[in-house]
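Worksheet: one structure, shown below.
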Amino acid sequence: VYNFIQTFSDSEQKRTDSLALIELMRDISGHEPYMWGPSIVGFGNYHYKYDSGHEGIAPLIGFSPRKAAISLYVFTGLEEHKDLLNGLGKFKMGKACIYVNKLSDIDLLKLELLMRESIQYLQKKYGNK
C-alpha cells in the first residue's frame with residue numbers, strides 16, 4: 001500500500017492526503033489497508049449478491065489517488081443516504097464515487113460520518129466482515 005502511494009500519487013499533496021486517508025479509514029473501519037486491484041486502497045470487505053445473480057467481493061470503504069482527483073469509495077449511492085453529503089464540501093459525484101481534489105476541500109467530520117453510515121449499512125445488508 002505505501003509503495004503504491006509513493007509511486008502512483010502524482011503530487012506531494014496527493015501523497016500527504018493519501019496517508020491521512022489511510023489513517024482515517026483504518027480508524028473508522030477497524031481494518032488494515034490492502035490493495036484492491038492495481039489502484040484502489042481498500043479497508044475490510046463484504047460479499048454482495050444482487051437479485052440478478054451477480055455477486056462478488058468489494059471493500060467496505062476505500063480510495064484511489066487518481067490523476068484527475070482522489071476517488072473516495074465511501075458512499076452507497078442510495079437515495080436515502082444522499083443527505084449525508086450535505087455540508088461535505090467541494091466534491092464531484094459519480095454514481096457512488098466521490099471525487100475530491102484535496103482533503104482540505106471537504107469537511108473531514110462529515111466524511112467520517114459518511115464512512116461510518118456506509119459501513120454500518122453494508123454490514124447490516126451483507127453481513128459483518
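The values are calculated or read from the model by the stated rules, or taken from the named source; none is laboratory data. Quantities reported herein were computed from a predicted structural model and do not represent experimental measurements. Here the Cβ is made from the backbone with ideal geometry for all residues, glycine too, and neighbour counts use every protein chain on show. These accessible areas exclude ligands, DNA and RNA; they are computed on the full protein's heavy atoms, side chains included. Shrake-Rupley method; radii C 1.70, N 1.55, O 1.52, S 1.80 Å.
Among residues of the range 91-108 that are modelled with pLDDT of 95 or more and assigned to a helix (DSSP H, G or I), those with a beta-carbon under 8 Å from a residue that is open to solvent by less than 60 Å² (accessible area, probe 1.4 Å) and of a type outside the set (A, V, I, L, M, F, W, C) at least six positions away or on a different chain give the pairs Leu103/Asp17; Asp105/Gly89. Given the criteria closer than 18 Å to Phe4 by Cβ and in contact with a Pro (Cβ under 9 Å, 6 or more places away or on another chain), does Gly62 qualify? Answer is yes for this residue. Within the range 97-107, is there a residue that is more than 22 Å from Tyr2 (Cα to Cα) and open to solvent by 70 Å² or more (accessible area, probe 1.4 Å)? No; the residues of the range 97-107 include none that is more than 22 Å from Tyr2 (Cα to Cα) and open to solvent by 70 Å² or more (accessible area, probe 1.4 Å).
Residues in the range 53-65 that are open to solvent by 30 Å² or more (accessible area, probe 1.4 Å) and not in a strand (DSSP E or B) were compared, and the one that is farthest from Ile106 (Cα to Cα) is Gly53. Just to be sure before I move on: is Lys90 more than 26 Å from Gln13 (Cβ to Cβ) and open to solvent by 80 Å² or more (accessible area, probe 1.4 Å) in the structure I sent? Here the answer is no, as Lys90 does not meet what is asked.
Just one of (1) open to solvent by 30 Å² or more (accessible area, probe 1.4 Å); (2) more than 25 Å from Phe4 (Cβ to Cβ); (3) in a helix (DSSP H, G or I) fails for Glu112. It is (2). One residue stands out in the range 18-31 among those that are touching a strand residue (DSSP E or B) at 6+ places or on another chain (Cβ under 6 Å) and in a helix (DSSP H, G or I): the one that is most open to solvent (accessible area, probe 1.4 Å), namely Ser29.
Taken together, Tyr34, Tyr73, Tyr50 contain a single residue that is farther than 24 Å from Val1 by Cβ, open to solvent by 50 Å² or more (accessible area, probe 1.4 Å), without any contact (Cβ under 8 Å) to a residue 60 or more places away in the chain and among the hydroxyl-bearing types (Ser, Thr, Tyr), which is Tyr50.
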